[in-house]
Structures are given as structure tokens and as C-alpha cells.
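Beneath this line is the structure, given in C-alpha cells, with notes to follow.
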Amino acid sequence: MANETAQKIGPVILLGPPGAGKGTQSKRIAIHYGIPQISTGDLLREHVARGTELGRKAKDIMDRGELVPDDLMYGMVADRLKHVDCSKGFILDGFPRTAGQAGWLDAFLEREFFENSKRCSPVVIRMDVDYTQLLLRLTGRRCCPTCGRIYNLHFQPPRVDEICDLAHGSKLVQRNDDRDEVIRPRLTAYEVQTKPVADYYQAKGRLIPLNADRPMDEVTADLLALIDRCGAPAASGMTKSE
Ligand code: AMP
């Protein structure tokens with residue numbers, strides 16, 4: 001349930017490799033605080049499904065497990081963050097994913113949000129998971145196309161093989177980029193292009209590492225505690241990010 005009494009929180013940025021649980025955890029955080037979860041992967045998949053120009057450009061890149069070029073991402077992310085539902089805070093899942101995107105985001109937040117004293121510093125949490133565990137999470141991941149519920153065939157299977165427990169018999173689907181041959185390029189993209197994002201925030205003293213190789217509820221509890229502690233506006237007012 002949305003927490004109606006929650007105060008405004010700073011933007012929350014969840015970093016971590018594909019399969020770390022960013023999607024699952026950010027949905028929980030979003031519900032807890034009543035703020036939107038902004039997943040750039042989901043936004044891009046919507047563009048692909050709608051056949052927009054961005055979607056046409058991004059589709060093959062995503063199917064290969066590579067990152068969409070930064071300049072294609074900025075307009076989409078800026079449009080989404082300017083939406084009124086972000087005024088109480090928001091959680092970014094899958095963005096920034098390059099050092100360039102991290103610099104762009106800082107400048108954007110400074111320009112669009114801190115100017116109006118709407119926000120406090122982003123809370124940047126990196127979810128760390130062991131490599132073998134990541135592979136199991138990615139190869140086993142299945143999603144209900146009707147209700148969006150996520151399962152894992154290894155750890156959290158549906159009651160009936162490949163069928164959603166909730167959505168009246170919907171057959172679960174595997175994301176295109178969770179196929180075996182695409183998983184490795186995605187993990188490589190993370191190592192080469194996204195690890196520098198953690199370095200970027202580390203250098204600014206803003207990176208919080210979290211062991212995410214634990215039961216889901218434990219990880220959620222830790223994330224909420226961290227956000228409560230680090231994400232609320234300072235008593236004297238909002239603070240700028242740097
Ligand atoms: P995700 O659902 O976050 O794993 O993203 C799925 C795919 O969308 C990625 O493998 C990339 O091809 C693309 N993508 C998502 N977010 C970004 C981003 N911030 N920068 C570049 N490409 C992205």
C-alpha cells in the first residue's frame with residue numbers, strides 16, 4: 001500500500017547488474033512510498049511495442065543485449081521525469097547506465113528540480129549479487145504478460161508449469177534479452193559501461209553498496225531503511241546534490 005504519510009524523498013537510484021533484482025525491489029519501494037518506478041528498460045520496451053521511431057532504433061540493440069546510445073535515452077528520460085507524478089520523488093531502475101548518463105542526470109536534476117527546491121540529493125544504492133546467482137536469476141526469469149508479475153523457474157516457480165498464478169491462465173513469457181545467447185553480452189555491457197557509474201558516485205561519496213544476495217524481503221527491508229535514513233530532506237530544507 002502507498003504510504004500516504006511519507007514525506008518527499010530524494011530520487012532513488014538503484015544500480016546493479018541485470019538480474020540483481022532492481023525491477024522487483026523498485027516496484028516494492030515505489031508502492032511503499034507512493035512514488036513512480038521509472039524503468040528505462042520498460043520505457044524502451046513500450047516504445048518498441050508502439051513502433052515509435054525510438055523503438056525502431058532501439059529494438060535490434062536491445063535484442064543484442066547492448067546499451068542504447070546515450071543521446072537516444074535523454075529525451076525519453078527527461079520527458080518522463082518532468083511528469084507531475086515525479087513531484088514527490090521517484091525511483092530510477094536501469095538509469096544511469098553509463099558515466100555519461102550519470103553526469104547528464106546530475107545536471108538535469110540540478111536544473112529542473114533543485115532550482116525549485118523540490119528535492120534532496122539522490123540516494124544511490126548498488127545491489128551486489130554473485131555472478132552464478134545472476135545467471136540463474138536471468139535464465140529462470142519469466143513474466144506474466146497480463147499482470148506483469150515476475151516469477152523465477154528455479155526459485156519462485158508458478159503453481160502450474162509456466163502459467164501465472166494470478167492472471168486467469170496467462171502463459172508466462174521470457175524476455176527476448178533473457179535468452180541464453182543475450183545474457184552474456186548484457187553482463188559484459190554492465191562490466192564495461194555501467195561499472196564506471198558506480199565509480200562516478202563513489203568518487204562523490206554517494207554510493208551505498210548493499211548485499212542483494214539474500215532473501216527478497218530482507219533486501220527490501222534494508223533498502224527501505226537506507227532510503228528512510230538517507231533520502232529524506234534535511235531538517236533545514238532540501239540539499240543540493242553536490
Ligand atoms: P533492463 O530492462 O533494464 O534490463 O533493460 C533492457 C535493455 O534496455 C538493456 O539491455 C538496454 O538495451 C536497454 N536499456 C535500458 N536502460 C538503458 C540505459 N539507461 N541506457 C542504455 N540502454 C538501456
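The values are calculated or read from the model by the stated rules, or taken from the named source; none is laboratory data. The structure displayed is predicted, hence computed values, not measured ones. Don't worry about glycine lacking a Cβ; one is built from the backbone with ideal geometry, like all the others, and counts go over all protein chains shown. Ligands, DNA and RNA are stripped out before the accessible areas are found, and what is left, the full protein with its side chains, is counted by its heavy atoms. Shrake-Rupley method; radii C 1.70, N 1.55, O 1.52, S 1.80 Å.
Compute, for the stretch 49-138, the length of the dipole vector about the Cα centre, with Cβ point charges of +1 (Lys, Arg) and -1 (Asp, Glu) only. Units Debye, rounded to 20.
On the way: 14 positive and 15 negative charges, 53 e Å.
That gives the stretch 49-138 a dipole magnitude of about 260 debye.
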message: Skipping prolines and chain starts, which residues have an amide H placed within reach, meaning under 5 Å, of the one on G34, given they are 5 or more residues away or on another chain?
response: N3
statement: Taking every other residue with Cβ under 13 Å from the Cβ of D79 and scoring Lys and Arg +1, Asp and Glu -1, one gets -1
Within a Gaussian network of the chain (alpha carbon springs, distance under 10 Å), most fluctuating of V12, V123, V160: V160
Angle in degrees between helix 40-50 and the longest Cα principal axis of the chain, rounded to the nearest 10: 60
message: On a straight-distance basis, which aspartates and glutamates could pair with K59 in a cross-link, Cα separation under 14 angstrom, same-chain partners fewer than 8 positions away excluded?
response: D42, E46, D177
message: How many angstrom lie between the Cα centre of the stretch 21-62 and the Cα centre of the stretch 147-203?
response: 13
- line: Note on the chain: contact order normalised by length, alpha-carbon pairs under 8 Å, 6 or more apart, percent, works out to 31
task: Would you mind telling me the share, in percent, of accessible area of the chain contributed by carbon and sulfur at probe 1.4 angstrom?
output: 53
query: Taking the mean number of other Cβ atoms within 10 Å as a proxy for protection, how do you rank 70-77, 17-24 from highest to lowest?
result: 17-24, 70-77
- line: Which residues qualify? For S121, with a placed amide H closer than 5 Å and at least 5 residues away or on another chain, they are T239
task: Rank-order 26-36, 85-95, 40-50 by packing density, defined as the average count of other C-beta atoms within 10 Å over each peptide's residues, highest first.
output: 85-95, 26-36, 40-50
- prompt: What list of ³J(HN,Hα) couplings, whole Hz, do you get for the stretch 159-167 from phi and the Karplus terms 6.51, -1.76, 1.60, once you set θ to phi - 60° and write x for glycine and proline?
  reply: 5, 10, 3, 6, 10, 5, 5, 9, 8
statement: Taking a probe of 1.4 Å and leaving out DNA, RNA and ligands, the chain shows per residue an accessible area in Å² of 49
Size of electric dipole in the chain: Cβ of Lys, Arg +1 and of Asp, Glu -1, about Cα centre, debye, nearest 20: 280
message: Strictly over 22 Å apart at the Cα level, which of K27/K82; K22/K88; K88/K195; K27/K204 would you flag in this model?
response: K88/K195; K27/K204
- prompt: So what is the relative contact order for the stretch 132-242, in percent, with contacts set as C-alpha pairs under 8 Å and at least six apart?
  reply: 17
Cut-off under 5 Å, modelled amide H: who pairs with R126 long-range: L15, I208, L210
